[in-house]
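The values are calculated or read from the model by the stated rules, or taken from the named source; none is laboratory data. Fair warning: this is a prediction, and the values are worked out from it, not measured in the lab. Note: ideal-geometry Cβ built from the backbone for every residue, glycine included; neighbour counts use all protein chains shown. We work out accessible area using only protein heavy atoms, side chains counted, and drop any ligands, DNA or RNA first. Shrake-Rupley method; radii C 1.70, N 1.55, O 1.52, S 1.80 Å.
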Amino acid sequence: PPPTPVVLDDENTQSSGGGGDPGDGNGQWPTTGFVTRGFGCHELYTGIDGTGFGCPPGRPWFHNGVDVANVAGTLIWSPVDGTMAYAGPNPTGPDCSHIPGSQFPHEGLGNYQRVDGADSLHYFGHLSGFLVTTGDLTTGQSVAEMGSTGCSTGTHLHWIVYQNGQLVDPAGWAGPGPNP
C-alpha cells in the first residue's frame with residue numbers, strides 16, 4: 001500500500017516521498033500503527049523540559065522521539081543492519097507505577113532496546129517482550145513486541161533516533177509511514 005503521511009509535530013507538518021536509504025528521509029519504520037505523538041515541542045507533559053531545546057512557553061515540553069500506537073504484541077523490527085547493544089529494563093527513569101496504563105517495569109522507558117547501526121542509534125521503548133537480546137541484526141528482522149511498560153499510558157512504541165551522534169526526528173529519518 002502507499003505510505004501514509006506522518007505528523008511530525010503539533011503544527012501538522014507532514015512528510016512525503018518513499019524508498020531510499022535510511023537517514024535521507026526514506027528509511028524503514030520499525031513497526032506499524034498510528035503516530036500518536038511526534039518529535040519536538042509539545043503542550044502536554046513529556047517528562048523532558050523543553051527549555052534547552054528552544055521550546056516556546058505555550059509548548060514547554062520536548063518529546064525526543066515518535067510514538068506509534070497499535071495493539072499489544074505488535075512486532076517491532078530493526079530498521080537497519082546493526083547490533084543489538086542492549087535489551088532490558090530502564091532502571092534509571094522515574095517511577096510511573098501511579099500512571100494508569102503503565103505496566104511493570106514502571107521506570108522510564110520500561111523494557112527497551114538499543115540498536116546500533118552503521119551511523120545511527122535507535123531506542124525502542126515500552127516493549128512487552130524481547131525476541132532478540134544480543135547479536136547482529138538485519139534490516140526488517142523482528143526484535144521485540146509492542147507494550148506499555150514504563151512511563152506509558154497505553155500500548156505504543158517510543159522510537160528515538162540518533163544520526164551520526166545527533167538526536168533527530170525519527171519521522172524525518174525514516175520518511176512516510178508507518179502503515180497501519
Checklist entry - Can you pull out the residues in region 140-171 that are modelled with pLDDT of 95 or more, hydroxyl-bearing (Ser, Thr, Tyr) and not in a strand (DSSP E or B)? => result 148, 155
Next on the checklist: Quick check on residue 98: is it on the phi < 0 side of the Ramachandran plot, without any contact (Cβ under 8 Å) to a residue 12 or more places away in the chain and not aliphatic (A, V, I, L, M)?
Outcome noted: yes
Checklist entry - What is the number of the single condition among (1) free of Cβ contacts under 8 Å to residues at least 60 places away in the same chain; (2) touching a Gly at 6+ places or on another chain (Cβ under 6 Å); (3) within 23 Å of residue 27 (Cβ to Cβ) that residue 118 does not meet? => result (2)
Next on the checklist: When the residues of region 136-162 are narrowed to those that are over 24 Å from residue 91 (Cα atoms) and either without any contact (Cβ under 8 Å) to a residue 60 or more places away in the chain or in contact with a helix residue (DSSP H, G or I) (Cβ under 6 Å, 6 or more places away or on another chain) (or both), which ends up most open to solvent (accessible area, probe 1.4 Å)?
Outcome noted: 136
Checklist entry - If the Cβ limit is 8 Å and pairs must be 6+ apart or interchain, which residue in region 44-64 that is more than 17 Å from residue 168 (Cβ to Cβ) and touching a residue at least 24 places away in the same chain (Cβ under 8 Å) pairs with which residue that is open to solvent by 50 Å² or more (accessible area, probe 1.4 Å) and among the aromatic types (Phe, Trp, Tyr)? => result 47/61
